[in-house]
1. Which residues, counting only those in the stretch 131-189, are part of a helix (DSSP H, G or I), farther than 21 Å from GLY249 by Cβ and open to solvent by less than 60 Å² (accessible area, probe 1.4 Å)?
2. Between residues in the stretch 100-111 that are in the same structural domain as ASP70 (by TED's automatic domain parsing) and residues that are assigned to a strand (DSSP E or B) and within 10 Å of the ligand (Cβ to nearest atom), which pairs lie under 7 Å by C-beta distance while being six or more apart or on different chains?
3. Grab the helices (runs of 4 or more DSSP H) fully contained in the stretch 204-311, keeping just those with 3 or more residues being farther than 21 Å from ALA139 by Cα and within 16 Å of the ligand (Cβ to nearest atom).
4. Go through the stretch 53-97 and count every residue that is among the small types (Gly, Ala, Ser) and in a helix (DSSP H, G or I).
5. Does at least one position in the stretch 39-54 carry a residue that is under 21 Å from ALA157 (Cβ atoms), crowded, with 21+ Cβ neighbours inside 10 Å and touching a Leu at 6+ places or on another chain (Cβ under 6 Å)?
Amino acid sequence: MGDRRRPKEWVMSNVAWIGLGHMGIPMSKHFVDAGHEVRGVDIEESARARARENGVEIVDSVREAVHDVDVVCTMLPSGKQVTEVLTGPDGAFAHMPAGAVAVDFSTTGIETAEALGAQAREQGVGFVDAPVSGGVIGAEKGDLALMLGGDGEHVTAVERFTKLVGEYIVHVGPSGRGQAMKVVNNAMMGVGMAVSCEASVLAQRLGLDPQVFYDMVLRSSGDNWAFRNWFPLPGVVATSPASHGYEAGFMVDLVAKDLRLAVELGTEHDVTMATSQTAFELFRRTSEAGAGTRDLTALALELGAKVDPPAAG
Ligand code: NAD
């Protein structure tokens, strides 16, 4: 993968990677495979251990990770953590070389990205919001969709890095525009997943064979991305987390965060977001029932899906 994408003018870079979870692990591996020196930071030992196995050099602090890099990549749960690691006296902006660029692949919302863009400018470094779509499988394949917000010069400067993980990469506009695109997309994905879960449970109650139901919907008008890739009943789509004990994947708490961001933006811009609100409430209920860190397909269990053997947890 790394070699195929290595351009003729390839140069090795030092890279900092902060946030080595479900997405950060496979994404950072593409950077290692491409021959870059990747220094990683994560608060969880299990994440650090997995990254180490992939060839990431684990360091103890953001400061140590970023002091001589060309690019700082973040893939963290939400805007709160991204702001924590990028700003403040111990944050990346204060210690990365002038002219280096921070690329935030996380979903943080528009306000966070705009604030980080302004702060980066004040501190003489670059910032690009670069939320991604395509899930863990897209991260593993390196063919994510990337929605970039930031100054053109910074977007261009990090192109050789974003290409390592993304296949469809669009510079949407200034800081925050990538997040705007992502929040709208994920409102559609979250609603798609919610209706796919309830429809699959109903199909099960009606005695429809899950495989027959899945194959028919794919050729019918109910098809959607979440249904196709993350069919929420086990044993039909091998790569769906539902076929792996509902282990994330994409956690319930993260899709709830994305839907909340969409509903808040709807309120701010006077747009009715009724289906996003309902989907948010369903995922929040699933989280409150104790499944916040399971995959979002676990909503089907909350809605009464019968799985055999019973899912763990
Ligand atoms: P995750 O929770 O699996 O990974 C986040 C990692 O960040 C964890 O390993 C956690 O320990 C680490 N972390 C948290 N706070 C930290 C801190 N202060 N310093 C260092 N490390 C810290 O989440 P994920 O599924 O990898 O998602 C990451 C982001 O990507 C989220 O914003 C999510 O909405 C978005 N996203 C996820 C998917 C998906 O399918 N999982 C798809 C598209 C976008």
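The values are calculated or read from the model by the stated rules, or taken from the named source; none is laboratory data. Keep in mind it's a predicted model, so treat the numbers as computed, not measured. Quick reminder, even Gly has a Cβ in these numbers, built from the backbone with ideal geometry, and neighbours come from all protein chains shown. Each accessible area value is taken on the protein alone, full model and side chains, heavy atoms only, with ligands, DNA and RNA left out. Shrake-Rupley method; radii C 1.70, N 1.55, O 1.52, S 1.80 Å.
1. Those that are part of a helix (DSSP H, G or I), farther than 21 Å from GLY249 by Cβ and open to solvent by less than 60 Å² (accessible area, probe 1.4 Å): GLY152, HIS154, VAL155, ALA157, PHE161, THR162, LEU164, GLY178, GLN179, ALA180.
2. ALA102/THR74; ASP104/THR74; PHE105/THR74; PHE105/VAL132; SER106/THR74
3. Ranges flagged: 252-268, 274-286.
4. Number satisfying all stated conditions: 4.
5. No, the conditions are met nowhere in the stretch 39-54.
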